[in-house]
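Encoded as structure tokens, the structure appears first; notes follow it.
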Amino acid sequence: MKSRLILGVNGQDGILLSRLLISQGHHLIGIGVQPKLSQHVPDSVEYFSVDIKDSEKLYELIKASNIEVIYNLAGLSSVAQSFKEPQMTREVNYMAVKNLLEMVYSQDLTSHIKFFQASSSEMFGATTDSSQNEKTQFNPKSPYAESKVEAHILCDSYRDQGFFVSCGILFNHESIFRPETFVTRKVTSTVARIKLGLQEYLTIGNLNATRDWGAARDYVDAINCVSEHTAADNFVIATGHSHSVHELVSLALEAVDLNHQFDNLVRFDENLLRTNDLLTTVGDARKIEKEIGWVSKTPFKALISEMVEYDLAFHSASH
């Protein structure tokens with residue numbers, strides 16, 4: 001039986017992609033650093049705890065399995081953390097990918113394996129373009145973005161050699177599986193706690209920063225579509241709409257009928273401001289719509305309401 005391999009299966013995208021692929025009848029192998037599979041990943045996933053930097057173990061696993069597609073969703077994804085651990089960020093986000101590609105396309109492994117690399121909109125950095133597409137020049141502003149650019153360019157070189165290596169340039173995408181280190185989940189979870197009387201207020205940094213936020217479930221559908229496309233290529237995966245952090249907070253408060261209390265419940269904290277933080281991101285996803293037919297489906301307001309509703313239930317059950 002042919003299998004598909006998800007690196008980073010315990011993360012947000014890995015959870016959602018594994019659910020999608022299992023529903024389609026695929027046999028899945030999942031790789032994560034945790035000793036066991038996330039409770040949110042289907043039990044039918046064949047799971048292995050392997051560090052992505054351990055190329056020898058990955059090589060043996062891939063060699064012993066009939067892999068048809070590899071999805072590399074693993075990596076260190078925190079921009080803020082990358083400034084604290086730049087070397088580790090590069091080792092995981094670039095060197096591990098380099099070793100993986102060399103391994104997959106070596107002579108004693110099949111050259112017919114399809115490879116998907118999760119690239120990031122952070123690669124564009126502070127661009128003057130009103131929206132970012134596949135031809136927008138990279139201008140990375142963090143160790144995280146730099147490592148993603150290196151890996152992306154490497155993938156391009158393998159594609160140029162004739163291998164099926166595709167990159168999805170993913171703009172911000174969210175779900176109930178996001179950890180609270182990400183601003184969307186921090187906001188929805190905190191607002192839920194405020195509504196339940198478990199917390200008094202929300203502390204936030206730059207309310208004026210804007211992001212092209214989409215629903216992670218829509219984006220993993222795009223990832224699957226890219227991997228099954230007739231030709232390997234780079235595709236921006238985005239909604240084409242940007243929303244401010246202020247709007248994010250307002251929608252979360254509105255979901256619990258507290259939007260009239262914005263000024264009382266939201267407090268600015270300058271310590272949460274990040275140096276070199278991008279002010280605005282907007283993705284131009286016309287290429288993937290034209291060539292593959294994918295479009296983002298979930299409205300931003302519906303996404304935030306869904307996350308708040310989940311967090312209300314979660315915190316209610318926890319107390």
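The values are calculated or read from the model by the stated rules, or taken from the named source; none is laboratory data. Model, not experiment: these values are computed from the prediction. No Cβ is skipped: glycine too gets one built from the backbone with ideal geometry, and neighbour counts run over all protein chains shown.
Scanning the stretch 203-241 for residues that are more than 17 Å from the chain's Cα centre (by Cα) and of a type outside the set (A, V, I, L, M) turns up Thr203, Gly205, Asn206, Asn208, Thr210, Glu228, His229, Thr230, Asp233, His241. Taking the residues in the stretch 170-199 that are in a loop (DSSP other than H, G, I, E, B) and among the hydroxyl-bearing types (Ser, Thr, Tyr) as candidates, determine which candidate is surrounded by the most Cβ atoms within 10 Å (Cβ to Cβ). So, considering only residues that are in a loop (DSSP other than H, G, I, E, B) and among the hydroxyl-bearing types (Ser, Thr, Tyr), the one surrounded by the most Cβ atoms within 10 Å (Cβ to Cβ) is Ser175. Only one of the numbered conditions (1) at pLDDT 95 or above; (2) of a type in the set (A, V, I, L, M, F, W, C); (3) assigned by TED's automatic domain parsing to the domain that holds Phe83 is violated by Phe163, and that is (1).
Of the strands (runs of 3 or more DSSP E) lying entirely inside the stretch 200-303, those carrying at least 3 residues that are of a type outside the set (Gly, Ala, Ser), modelled with pLDDT of 95 or more and more than 18 Å from Arg185 (Cα to Cα) are 234-237.
Consider the stretch 43-60 and keep the residues that are surrounded by 16 or more Cβ atoms within 10 Å (Cβ to Cβ) and in contact (Cβ under 8 Å) with a residue 24 or more places away in the chain. The one that is nearest to Thr181 (Cα to Cα) is Ile52.
Quick check on the stretch 122-135: of everything there that is out of contact with any strand residue (DSSP E or B) (no Cβ under 6 Å at 6 or more places or on another chain) and closer than 24 Å to Phe164 by Cβ, which residue is surrounded by the most Cβ atoms within 10 Å (Cβ to Cβ)? Result: Met123. If the condition is being over 30 Å from Ser65 (Cα atoms), small (Gly, Ala, Ser) and out of contact with any helix residue (DSSP H, G or I) (no Cβ under 8 Å at 6 or more places or on another chain), then the stretch 83-135 contributes Ser121, Ala126, Ser130, Ser131. Using the structure shown, decide if Glu68 is exposed (fewer than 14 other Cβ atoms within 10 Å of the Cβ) and either without any contact (Cβ under 8 Å) to a residue 12 or more places away in the chain or in the same structural domain as Ile15 (by TED's automatic domain parsing) (or both). Answer is no for this residue.
The condition of being touching a residue at least 40 places away in the same chain (Cβ under 8 Å) and either in a loop (DSSP other than H, G, I, E, B) or surrounded by 21 or more Cβ atoms within 10 Å (Cβ to Cβ) (or both) does not hold for Ala80. Against the condition over 30 Å from Ala126 (Cβ atoms), in contact with a Ser or Thr (Cβ under 8 Å, 6 or more places away or on another chain) and not small (Gly, Ala, Ser), how does His229 come out, does it pass? So His229 fits the description; yes.
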